[in-house]
Amino acid sequence: QILQREFWYQRIIARFGTFSVARLAEPAIVETLVVLALETEAVDGFPDSEVRAFQDTESHADDMDTCATADAFHDSEPTNDMATQCPEKLAAAKAVADLLFEKADMLREYFGVEFVRDGNGVTALIGLPNLLHGFFPNVNC
């Protein structure tokens, strides 16, 4: 595993700024990905400090354990139910999506990561760097 990590690190450093982009078959909604990541970390026992870093206030910090799981999502978009149960995670997800879209040009140019935003302000991931010609990881695991 260390050798694998080092291989990819060296591969990224060697190709920095020259990545081709592999398009995703379907755009991935960034807010959904962030909330799913936060839910996964909470399930795995990691602290929710990342969520609290994006909070304007800590008035709902004690409600973090009552937040809905990733099952509250339908068609890759947060539901109103999720918004009322876990406003901190949705606020964090929106802040992350806004930051990624703000830096989209730099991320595309240097790293081959592409984002788009629709008319409703929803940010989606549409492309990832092709790190090794002909190699596409299985993202369905």
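Summary of computed values
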{"item": "Tally of residues being touching a strand residue (DSSP E or B) at 6+ places or on another chain (Cβ under 8 Å) and modelled with pLDDT under 90 across region 25-56", "result": "0"}
{"item": "Some residue of region 87-99 being modelled with pLDDT of 90 or more, part of a helix (DSSP H, G or I) and farther than 16 Å from VAL30 by Cβ", "result": "no"}
{"item": "Residues of region 86-117 classified as surrounded by fewer than 17 Cβ atoms within 10 Å (Cβ to Cβ), in contact with a Gly (Cβ under 8 Å, 6 or more places away or on another chain) and either without any contact (Cβ under 8 Å) to a residue 12 or more places away in the chain or of a type in the set (Val, Ile, Thr) (or both), total", "result": "0"}
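The values are calculated or read from the model by the stated rules, or taken from the named source; none is laboratory data. For clarity, every value in this text was computed on a predicted model and none was experimentally measured. Here the Cβ is made from the backbone with ideal geometry for all residues, glycine too, and neighbour counts use every protein chain on show.
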